1. How are the Cα pair distances of the stretch 54-142 distributed, in percent, across 5 Å bins from 0?
2. Quick one: how many Å² of VAL57 are accessible to a 1.4 Å probe, rounded to 10?
3. Sorted by accessible area (1.4 Å probe), largest first, how do THR55, THR134, THR88 line up?
4. Give, in nm to one decimal, the length gained when the segment between ILE108 and VAL90 is fully stretched (0.36 nm per residue of separation minus the Cα-Cα distance).
5. As a test question: what accessible area, to the nearest 10 Å², does TYR140 have when a 1.4 Å probe is rolled over all protein chains in place?
6. May I ask you to compute the full-extension gain from GLN100 to THR68, defined as 0.36 nm times their residue separation minus their alpha-carbon distance, rounded to one decimal in nm?
Amino acid sequence: MGTQSGIAGTLDVSIVGNAGQLPIPEGAVAFSASSNSVANATAQAVTPASVGKITYVSGFQVTASGATAGLAVTVNLAGTIGGSNYYTFVFPAGVLVAAQPLLVTFPIPVAASAANTAMSINLPPGGAGNANATVSIQGYLL
């Protein structure tokens with residue numbers, strides 16, 4: 001266990017799990033959820049929820065191939081405290097063109113709006129010709 005001292009006291013900086021990943025609090029249960037690969041449909045990944053526990057999201061990823069015509073859509077991280085978070089994602093023109101992935105890691109994990117509440121990451125359909133779109137989400141329950 002490592003610690004750092006500061007003006008506000010001592011902070012435990014131990015890493016639980018793999019080195020290089022954000023630490024999770026002691027007693028937390030990590031999760032990872034992904035959508036299936038969808039073709040011109042909504043891709044959605046949903047976090048678990050548990051009675052008496054708060055769900056925290058530490059990050060998510062959005063990946064896709066292009067579509068017949070380029071299309072900008074709004075990705076929605078729903079169920080968060082304070083309301084949904086929104087991000088722009090672009091499906092490029094060209095069905096065999098890879099989209100620029102949207103990779104989000106929160107410096108401080110985002111909490112669900114209440115205990116026993118799942119959160120979801122939602123990617124709207126990419127339009128005609130879009131053959132592959134996926135979303136993944138990670139975090140922990142505490």
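1. P(r) for the stretch 54-142, in whole percents per bin: 3, 15, 25, 20, 14, 11, 8, 4, 1.
2. 0 Å²
3. Numbers: THR55 0, THR134 40, THR88 100 Å².
Greatest to least solvent exposure: THR88, THR134, THR55.
4. Values: separation 18, 0.36 × 18 = 6.48 nm, distance 2.59 nm.
Going from the current span to full extension adds 3.9 nm.
5. Looks like 20 Å² after rounding.
6. So the extension gain works out to 9.9 nm.
The values are calculated or read from the model by the stated rules, or taken from the named source; none is laboratory data. Since we're looking at a predicted model, the values are computed, not measured. Note: accessible area is taken over every heavy atom of the protein model, side chains too, but ligands, DNA and RNA are not part of it. Shrake-Rupley method; radii C 1.70, N 1.55, O 1.52, S 1.80 Å.
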